[in-house]
Structure formats: structure tokens, C-alpha cells
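Student: My questions all concern the structure below.
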Amino acid sequence: MKLGLVGYGAGGRLFHAPYIAAVPEIELVGVVTRSPERRREVRGDLPGVPTFDSLSALLDAGVDAVTITTPPDTRRDLVLEALARGVHVIADKPFAPDAAGGRELAAAAESAGVLLSVFHNRRWDADIATIADMLPSLGDVWRCESRFDLDEPGSLDAGPSGGLLRDLGAHLVDQMLTLFGPAATVYGHLDFVDQTEGRTDCGFVVSVNHSNGVHSTVSASKINHVAARQWRIYGSAGSYISDGTDVQTDQIKQGLRPADGLESWGYERPDRLGVLSTAKGTAAVPSAQGRYDEYYRQFAAAVEGRGPQPVPAAEAIAVLDVLDAARRSSETGDTVRL
């Protein structure tokens, strides 16, 4: 599959290019960026991969699919342009500012007869894979809490189309919907700061009652100078407590790459393993492997008709429905029923 990457900021450079390179079924044939600095980075990171000034120039060169990882306020037009040219699309999250915008893009993809998949790569986090394997040991799950605090004030997407809820919130809500199914009701609280680009949400708490009876809560912050990745899950047979790390991101920032050795990639540190407590006792739970490259492997297979796409637009729209409800709840103080 010939793939083009649109955008080479932190997202394109750290969360896309390394995982594309780990999938032999994909050839990265070009990167769209006008920035001289980003072009130098492409030359250093991806020798021989050409750069283009625009999406249209990349499309003219010939691709089967594109990943669009530009800032949120530019994403809609670029996705529509690629879809109109009959090219399969991976859209970074948030792939639309709200659920209505998501439905517009999904309809355009259906009309064009191409795939539109959303980069909810954190379904392939080590902690999610570990939890999915461990959940049956808890009996009937009652309640799940996920906290993800980042000490990254400078990386907050500012303005009305940005904010932490649409960014990290999309991942955390997607993880809960993947684990526990559809949301029935949503309650949300957002923290805000005033920035040059406009009022921006910089932290949130979102509580969801799922249709199956599980209650989940996700929370995050980005400007409060605290970093933590924590899970608390309670069920009829016991509990699971995890104070882990952002494994794959940490490895990327250390200069490691999955293509250099997948056998050691994506495992939680031994000193940060989650703990399962039941009537049988308390024990550390071995880490499952986190594999963001699996997203791209599944997408390539879907393009070739060998399997389902990893995160179809419909599933990402369900996430946006929850985010929209959380925002309404934060404004009114009411619980929103979906």
C-alpha cells in the first residue's frame, strides 16, 4: 500500500512515521509539509522519502491512502479533498470538532466508496491489552476509573477547535467504549484557561453509565504540572489497580523505534505492573504488549480487502457523541442521556 503522510509535527513524527515504518506491507511515499525545519527532519528521519507542498501535489504523485495529522482546524478540508480524489484516509483525532462534523465526513467516504478510519491508536496501548486479558478475573465489572495527566502545557491545542477533551479525551473515551460498550448517560466537567487563540479546555472529568451497567470515569489535565497514568477497576470478584507509564510514547522519546525490534517493544516496566486483588490473594499482572503498529497493519489489510478497518468512522462518531454530551453537561450541570 502506497501511503502519504500529511503533516510532520509531533504527531506525524512520533505517533505515525515510526509505526508506518514497522509495517512491511506499507510504503511511505511522501510527506506533506511546507516548513523548512520539518523538511530537514524528514530528510534525517526518512531518507529518500520526498516532501510535498500540498496534499493535492501528493495525490497527483499517486497514493492509495493518506494519513492526515495536521492541526484540528485544517483537518476537515483535507479529509474531504482526499476522499473526493478516491483515496483511503486515516484521520488523526479529533477527526471532526463534533459528531455532526464526523457524520459529514463519514457520508463523504461512503459516497466516494473509500475507507475513512480514525487514529484511535490507544486501543493498542499496553495497559488496555493487559486489562482486556485480566477483566474476566474481576467477575462482573462495576466501575472503572482512568486518569491520564500530562505535564505538557506547551502542547495544548488552543482555541475553540482545540482543547484537551477533543484531544486526549477522544482516546480515553474510546478506550472505555471499546472495553465496556455504548454509553447511555454522560456527565462532564471541564477546566478552562484563556489563551490568545480563545478560551480552551485544559482538563476534564467525564463519567459514563454504559448500557451494560458499568460506570466509567476518565480524567486528564495538561497544564497542572503533574504526570500520571492510573487505572482503578472494581468488580464482584475483586479489583485491579495500575499506576503505569505511557510505554510506547516513552520508548519513542528515548529514540527507540518499533522497526528496530518488536520483540521488546511496548511492555510496561516491571516495577510499574498492575495488581489484581481477589479472594485468592494479590498478584502483579504481567504486561501485555502495546503495538501501535498493529493499527497500520490492520488498515493496510482492510485496503486490500483482507479484513475490517481498525477504527471505522462510525466508532469514532460514537466517541464524539460522548464528547459533545460531556461539553453540554459541563455547560448546564445536567447529566445527558444519549
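Student: Go over the candidates 39, 75 one by one and state the one that is open to solvent by less than 40 Å² (accessible area, probe 1.4 Å), free of Cβ contacts under 8 Å to residues at least 60 places away in the same chain and basic (Lys, Arg).
Tutor: Unique residue meeting the criteria: 75.
Student: Would you call residue 174 surrounded by 16 or more Cβ atoms within 10 Å (Cβ to Cβ) and closer than 22 Å to residue 295 by Cβ?
Tutor: Yes.
Student: Within segment 296-303, can one find any residue that is closer than 27 Å to residue 139 by Cα and touching a residue at least 60 places away in the same chain (Cβ under 8 Å)?
Tutor: No, segment 296-303 contains no residue that is closer than 27 Å to residue 139 by Cα and touching a residue at least 60 places away in the same chain (Cβ under 8 Å).
Student: Evaluate segment 123-146: report whether one residue or more is under 28 Å from residue 334 (Cα atoms), in contact with a helix residue (DSSP H, G or I) (Cβ under 6 Å, 6 or more places away or on another chain) and crowded, with 20+ Cβ neighbours inside 10 Å.
Tutor: There is at least one residue in segment 123-146 that is under 28 Å from residue 334 (Cα atoms), in contact with a helix residue (DSSP H, G or I) (Cβ under 6 Å, 6 or more places away or on another chain) and crowded, with 20+ Cβ neighbours inside 10 Å.
Student: Could you list, in sequence order, the residues of segment 42-71 that are surrounded by 18 or more Cβ atoms within 10 Å (Cβ to Cβ) and polar (S, T, N, Q)?
Tutor: Within segment 42-71, 51, 67, 69, 70 meet the criteria.
Student: If I ask for residues that are of a type in the set (A, V, I, L, M) and surrounded by fewer than 19 Cβ atoms within 10 Å (Cβ to Cβ), which ones from segment 224-251 would you list?
Tutor: 226, 227, 228, 237, 241
Student: Just give me the residues in segment 270-305 being open to solvent by 10 Å² or more (accessible area, probe 1.4 Å), of a type outside the set (Gly, Ala, Ser) and closer than 14 Å to residue 65 by Cβ, in sequence order.
Tutor: 297, 298, 303, 304
Student: Does residue 24 count as more than 23 Å from residue 105 (Cβ to Cβ), without any contact (Cβ under 8 Å) to a residue 60 or more places away in the chain and in contact with a strand residue (DSSP E or B) (Cβ under 9 Å, 6 or more places away or on another chain)?
Tutor: no
Student: Oh, and also: What tally of residues in segment 42-52 results from selecting those that are touching a residue at least 12 places away in the same chain (Cβ under 8 Å) and in a helix (DSSP H, G or I)?
Tutor: 2
Student: Among residues belonging to segment 143-162 that are at pLDDT 95 or above and of a type outside the set (A, V, I, L, M), point out the one that is farthest from residue 241 (Cα to Cα).
Tutor: Across segment 143-162, the extreme among qualifying residues is 151.
Student: In segment 7-34, how many are polar (S, T, N, Q) and either loosely packed, with under 13 Cβ neighbours inside 10 Å or in contact with a His (Cβ under 7 Å, 6 or more places away or on another chain) (or both)?
Tutor: Final tally of qualifying residues: 0.
Student: Test residue 103 against the stated conditions and say whether it is among the basic types (Lys, Arg), open to solvent by 40 Å² or more (accessible area, probe 1.4 Å) and in contact (Cβ under 8 Å) with a residue 12 or more places away in the chain.
Tutor: Criteria met by residue 103.
Student: Has segment 152-159 got any residue that is farther than 27 Å from residue 292 by Cα, open to solvent by less than 40 Å² (accessible area, probe 1.4 Å) and not basic (Lys, Arg)?
Tutor: Yes - at least one qualifying residue is present in segment 152-159.
Student: What are the residue pairs meeting all of these: first residue in segment 213-232, first residue touching a residue at least 24 places away in the same chain (Cβ under 8 Å) and among the small types (Gly, Ala, Ser), second residue surrounded by fewer than 16 Cβ atoms within 10 Å (Cβ to Cβ) and assigned to a loop (DSSP other than H, G, I, E, B), Cβ atoms under 8 Å, and 6 or more apart or on different chains?
Tutor: Close Cβ pairs (under 8 Å, with a partner that is surrounded by fewer than 16 Cβ atoms within 10 Å (Cβ to Cβ) and assigned to a loop (DSSP other than H, G, I, E, B)) amount to 227/151.
Student: Condition first: open to solvent by less than 50 Å² (accessible area, probe 1.4 Å), out of contact with any Cys (no Cβ under 6 Å at 6 or more places or on another chain) and under 21 Å from residue 174 (Cα atoms). Can you find one or more residues in segment 252-264 that meet it?
Tutor: The answer is no, given that none of the residues of segment 252-264 is open to solvent by less than 50 Å² (accessible area, probe 1.4 Å), out of contact with any Cys (no Cβ under 6 Å at 6 or more places or on another chain) and under 21 Å from residue 174 (Cα atoms).
Student: Exactly one of (1) charged (D, E, K, R); (2) closer than 23 Å to residue 274 by Cβ; (3) open to solvent by 50 Å² or more (accessible area, probe 1.4 Å) is unmet by residue 149. Its number?
Tutor: The number of the failed condition is (3).
The values are calculated or read from the model by the stated rules, or taken from the named source; none is laboratory data. Worth saying up front: this structure is predicted, and the values here are computed from it rather than measured. Counting neighbours? That spans all protein chains shown, and the Cβs are built from the backbone with ideal geometry, glycine included. These area figures cover heavy atoms from the full protein model, side chains too; ligands, DNA and RNA do not enter into them. Shrake-Rupley method; radii C 1.70, N 1.55, O 1.52, S 1.80 Å.
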